[in-house]
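The values are calculated or read from the model by the stated rules, or taken from the named source; none is laboratory data. Being a predicted model, the structure only gives us computed values, none of them experimental. Because the Cβ atoms are built from the backbone with ideal geometry, glycine has one as well, and the counts that use them run over all protein chains shown.
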Amino acid sequence: MNKIIFSLVLICGSLLFTSCEDDLVVGSVNQSSYNNIGKLEASLKDKNSGLSNNIIELRTKECITSVCVNLTKAPMKGVDFAISYDAEYLNEYNTQHGTNFKLFPQNLISLDGASEANILMAPDEKQSLAVNLTIQPASTDLEEGTTYVLPLKITTTTEGISLSSTSHCIYLIKNYHNEADCDKGADAVKNFLYFEVNDTNPLNALEFIREDGKLFFDYVVLFAANINWNAETGRVYVYNNPNVQFLLDNNEQYLQPLRKRGIKVLLGVLGNHDEAGVCQLSDMGCKEFARELAAICNAYNLDGVNFDDEYSNYPNLDNPWLTYKSSEAGAKLLYETKKAMPDKYVTVYYFGSLESNCPSVYGITPNNFVDIVVADYAQPTRPMTGMTQKQCAGMSVELRRGYGDTSEDYARSVKEDGYGFYMWFALDPSLYASQVYRIQNVSRGLYNQEVKYPTFYYKKNDTTQYSR
């Protein structure tokens, strides 16, 4: 991949350590917190999230979740509750939050199949059985891109029960019914795109839409952050150049719009011409660096990382963070990263010591800690041990230089051979004349569908849609 030179910025301190916010403050005792001891309070929460305030993105399928009543202590007697829709609460909610949200229509929801639900809690229960909440697919009654409030409340006729400030369970429902997403089916080949973020706005991925309205790209890699050595602090850390950091700092404008449409956003990680490298960390170095990566993904709401073993110098073996460059060291970092963030994607670009011969770690084969692998340009990807071709890219395309097979026939063979991905690098609106037709060829081969020529594009660090 193209050589990238970065200036130093250290961010890990602000990301890794948040415990200072919980430090004890010594002073006078506020006794108000003890006033409600012994009080029996009820609250209504979403069963899955455990929250009284929730966000739902409504598309073409009904959303099914559940709510339950929670008590501060066992009631020692039977307690009845009714859960119902509360239209009158909308004004109070908007006033409290300074918003102007609209009310979600009652006819689009049901509680256990009815307009309201009645439950009876036993004397020793502190949480009720779950009541199913079904939210119907968005209809023409809803405005596109508008946020609606669905307010549910609990009431009771049982004496001695106080309703807490969370006696309402709120769902903020965002209507994306007509917006394209990238769900092309579980068996469809997915498109894995690297953006050179020094030059290009990742929002441009949203402009590639198939004729059925589905987005063409499924994964976006921000290329790239770096693994760096800081001699002053004596540690390996994640360095983001100003272009990467801008996107992270403004991720609600530049990254979350992709995620809201179903695109997974990954942070690329590669060497930066010093002694740190993704395949030359010691056991301790792997654990610490993996923890920092997990902290960054959680802080910026990213879907995972992509590792690339390039541009690292020879390690100083007297440094406890480092070791000999090897596939074993690379595998250990992959393992520790997956361990640190099991809900995120760990993906690999085959180069250097990161290849299909990745060894097991503690007897655990790579398919357990690596999710997706893509090859160097113009090649299909060989699976790591335990993987199937469904986790591999059948071709890697460098769009700027024109490397890689993008013929319709080859794309069809990628699908027929059972590969799960097609990799793309360096999409650039200034080069669409030589790039878009390649994407259109592949779309016909993979899906028998056209990709519309983009009518808009985004300039770097700008959320404005410009006409082509």
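Residues of the range 328-349 that are under 16 Å from M384 (Cα atoms), of a type outside the set (D, E, K, R) and crowded, with 22+ Cβ neighbours inside 10 Å: A329, G330, A331, L333, L334, Y335, V346, T347, V348, Y349.
Quickly run through the range 370-403 and pick out the residues that are hydrophobic (A, V, I, L, M, F, W, C) and more than 25 Å from A290 (Cβ to Cβ). Talk me through it step by step, then tell me what you get.
Restricting attention to the range 370-403, the residues satisfying the condition of being hydrophobic (A, V, I, L, M, F, W, C) are 370, 372-375, 378, 384, 387, 392-393, 395, 397, 399.
Scanning the range 370-403 gives A378, M395, V397, L399.
T200 meets all of the listed conditions (1) modelled with pLDDT of 95 or more; (2) touching a His at 6+ places or on another chain (Cβ under 9 Å); (3) among the hydroxyl-bearing types (S, T, Y) but one, namely (2).
Suppose the filter is farther than 23 Å from K338 by Cβ, surrounded by fewer than 18 Cβ atoms within 10 Å (Cβ to Cβ) and not polar (S, T, N, Q); does R401 pass it? Criteria met by R401. Is one or more of the residues making up the range 417-425 touching a residue at least 60 places away in the same chain (Cβ under 8 Å), in a loop (DSSP other than H, G, I, E, B) and farther than 15 Å from F217 by Cα? Looking through the range 417-425, at least one residue is touching a residue at least 60 places away in the same chain (Cβ under 8 Å), in a loop (DSSP other than H, G, I, E, B) and farther than 15 Å from F217 by Cα.
With the structure loaded, tell me whether F369 is under 23 Å from the mean Cα position of the chain (by Cα) and in contact (Cβ under 8 Å) with a residue 12 or more places away in the chain or whether it fails that test.
So F369 fits the description; yes.
Scan the range 109-124 for residues that are touching a residue at least 40 places away in the same chain (Cβ under 8 Å) and among the charged types (D, E, K, R) and the total you get is 1. For the range 288-311, the condition of being buried (at least 20 other Cβ atoms within 10 Å of the Cβ), touching a Ser or Thr at 6+ places or on another chain (Cβ under 6 Å) and either outside the structural domain of C392 (by TED's automatic domain parsing) or of a type in the set (G, A, S) (or both) holds for at least one residue.
Conditions tested, residue by residue: (1) outside the structural domain of Y311 (by TED's automatic domain parsing); (2) buried (at least 24 other Cβ atoms within 10 Å of the Cβ); (3) farther than 20 Å from Y457 by Cα.
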position: N201; (1), (2), (3): no, no, no
position: R235; (1), (2), (3): no, no, yes
position: Q245; (1), (2), (3): no, no, yes
position: L248; (1), (2), (3): no, no, yes
position: A276; (1), (2), (3): no, yes, yes
position: Q280; (1), (2), (3): no, yes, yes
position: G285; (1), (2), (3): no, yes, yes
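Residues in the range 67-110 that are within 24 Å of D141 (Cα to Cα) and either in contact with a strand residue (DSSP E or B) (Cβ under 7 Å, 6 or more places away or on another chain) or among the acidic types (D, E) (or both): 17 in all.
Evaluation of A74 against the conditions (1) surrounded by fewer than 18 Cβ atoms within 10 Å (Cβ to Cβ); (2) under 15 Å from C169 (Cα atoms) shows that the sole unmet condition is (2).
For the range 392-448, which residues satisfy the criterion of being of a type in the set (S, T, N, Q) and either touching a strand residue (DSSP E or B) at 6+ places or on another chain (Cβ under 7 Å) or under 24 Å from N201 (Cα atoms) (or both)?
Kept after step one, since they are of a type in the set (S, T, N, Q), are these residues of the range 392-448: 396, 406-407, 413, 430, 434-435, 440-441, 443, 448.
Scanning the range 392-448 gives S396, T406, S430, S434, Q435, Q440, N441, S443.
Only a single item in (1) out of contact with any Leu (no Cβ under 8 Å at 6 or more places or on another chain); (2) within 27 Å of K459 (Cα to Cα); (3) part of a helix (DSSP H, G or I) is not met by C297, and it is number (1).
Of the residues R259, R291, the single one that is in a helix (DSSP H, G or I) and more than 17 Å from K338 (Cβ to Cβ) is R259. Do we find a residue being of a type in the set (G, A, S) and under 19 Å from N198 (Cα atoms) anywhere in the range 294-308? No, there is no match, as no residue in the range 294-308 is of a type in the set (G, A, S) and under 19 Å from N198 (Cα atoms).
In the list Q136, Q106, Q127, which residue meets the criterion of being assigned by TED's automatic domain parsing to the domain that holds V69, without any contact (Cβ under 8 Å) to a residue 24 or more places away in the chain and either of a type outside the set (D, E, K, R) or surrounded by fewer than 18 Cβ atoms within 10 Å (Cβ to Cβ) (or both)?
Numbers: Q136 fails: without any contact (Cβ under 8 Å) to a residue 24 or more places away in the chain; Q127 fails: without any contact (Cβ under 8 Å) to a residue 24 or more places away in the chain.
Just a single option satisfies the conditions, and that option is Q106.
In the range 246-275, the residues that are of a type in the set (V, I, T) reach residues that are in a loop (DSSP other than H, G, I, E, B) and surrounded by fewer than 16 Cβ atoms within 10 Å (Cβ to Cβ) with C-beta atoms within less than 9 angstrom, at least six apart or across chains, in these pairs: V265/N301. Among the polar types (S, T, N, Q), in a loop (DSSP other than H, G, I, E, B) and surrounded by fewer than 21 Cβ atoms within 10 Å (Cβ to Cβ): is that true of Q449 in this structure? Taking the combined requirement at face value, the residue satisfies it.
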